[in-house]
Amino acid sequence: MKIIIGLGNPTREYQATRHNIGFDAVTRLCDDYNIRLDSKEHKALCGRGYIGGEKVILAQPQTYMNLSGESVRSLVDYYKLDCEDIIVICDDINLDVGQLRVRKKGSAGGHNGIKNIIAQLKTEEFTRIRIGVGEKPENWDLADYVLGRFSREEEPVMREALQRTSKACECIITEGIEAAMNQYNRRRN
């Protein structure tokens with residue numbers, strides 16, 4: 001079994017913001033694999049189903065971004081999973097809009113949600129898919145930028161990135177992390 005966790009902030013005011021792209025990715029997975037987020041447990045909205053023949057739990061932590069690790073820790077403990085059974089999806093301001101970066105481990109890279117997950121799990125060794133939301137414009141406040149919405153020109157790029165994220169999750173599950181890294185870490189043209 002795998003748990004796929006999309007990071008974001010609950011409540012309507014954060015919907016469709018750059019920082020909530022992890023939630024959007026889980027929503028896309030739900031659509032692609034006919035999974036419903038129909039239960040609240042472990043401080044998250046959760047849904048169960050199958051991707052590539054593997055049982056999965058999709059989760060959107062409801063703890064707000066900076067405390068995402070609380071939900072992840074609870075899920076991992078309850079289902080008695082190893083960290084290699086986790087896929088975390090989050091935004092990344094260091095990647096171009098729509099660019100993906102699949103990694104099997106690594107630092108938080110300044111992302112507070114990932115930082116809290118690392119603190120809760122006491123390891124950096126879990127799979128993550130970072131979705132590029134673009135670099136913060138000069139003289140902008142970082143919080144204002146990541147809590148802002150995508151421009152009209154960026155929206156189709158992000159829809160395509162969410163489609164590739166969904167396929168990257170399936171690739172990780174069916175072919176392994178190395179195959180997914182080789183296929184999805186390539187720069188977009």
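The values are calculated or read from the model by the stated rules, or taken from the named source; none is laboratory data. Values in this document were obtained by computation on a predicted structure and should not be read as measured data. Ideal geometry is used to build each Cβ from the backbone, glycine not excepted, and the neighbour counts take in all protein chains shown. Accessible surface is based on the protein model in full, side chains and every heavy atom, while ligands, DNA and RNA are left aside. Shrake-Rupley method; radii C 1.70, N 1.55, O 1.52, S 1.80 Å.
Under 5 Å from the amide H of LEU95 lie the amide H atoms of VAL133, GLY134, each residue being 5 or more positions distant or on a separate chain, with H modelled from the backbone and absent for Pro and chain starts. Packing order of peptides 55-64, 119-128, highest average first: 55-64, 119-128 (average count of other Cβ atoms within 10 Å over each peptide's residues). Starting from the Cα gyration tensor of segment 1-87, take the square roots of the eigenvalues, sort them a ≥ b ≥ c, and report rounded, prolate or oblate (rounded when a/c is under 1.5, otherwise prolate if a/b is larger than b/c, else oblate). Cα axes put segment 1-87 in the oblate bin. Segment THR11..ASP96, full-extension length gain: 27.9 nm, with 0.36 nm per residue of separation and the alpha-carbon distance subtracted. Protein-only accessible surface at a 1.4 angstrom probe places the residues TYR14, TYR78 in the order TYR78, TYR14, largest first. In order along segment 145-154, phi translates into HN-Hα couplings of 5, 6, 8, x, 9, 6, 6, 4, 6, 7 Hz, rounded to whole numbers, per the Karplus curve 6.51 cos²θ - 1.76 cosθ + 1.60 with θ = phi - 60° and x for Gly and Pro. Helical runs (DSSP H, four residues minimum) scored at -39500 (n - 2.57) apiece and divided by the length of the chain put the mean residue ellipticity at 222 nm at -11500 deg cm²/dmol. The solvent-accessible area of CYS30, taken with every protein chain present and a 1.4 Å probe, is close to 10 Å².
Converting phi to 3J(HN,Hα) with the Karplus coefficients 6.51, -1.76 and 1.60 and the offset θ = phi - 60°, segment 65-73 yields 3, 5, 10, 4, x, 4, 5, 4, 4 Hz in sequence order, with x at every glycine or proline.
By accessible area, using a 1.4 Å probe on protein heavy atoms only, the chain has 44% of its surface on carbon and sulfur.
Pairs of Lys residues in the chain, spaced 8 or more positions apart or belonging to different chains, with C-alpha separations under 21 angstrom: 28 in total.
Solvent-accessible surface of segment 93-189, averaged per residue with a 1.4 angstrom probe and all protein chains in place: 56 square angstrom. The H on the amide N of ILE89, modeled in the peptide plane, is under 5 Å from the matching H of ILE5, GLY6, LEU7, ILE129, each at least 5 residues off or on a different chain. Using Cα Rg over 2.2 N^0.38 Å as the read-out, say which of (1) 1.73; (2) 1.16; (3) 0.93 was calculated from these coordinates. Looking at Cα Rg over 2.2 N^0.38 Å for this model, the match is (3). Stretching ARG152 away from GLU175 to a fully extended chain increases their span by 4.8 nm, per 0.36 nm per residue minus the current alpha-carbon distance.
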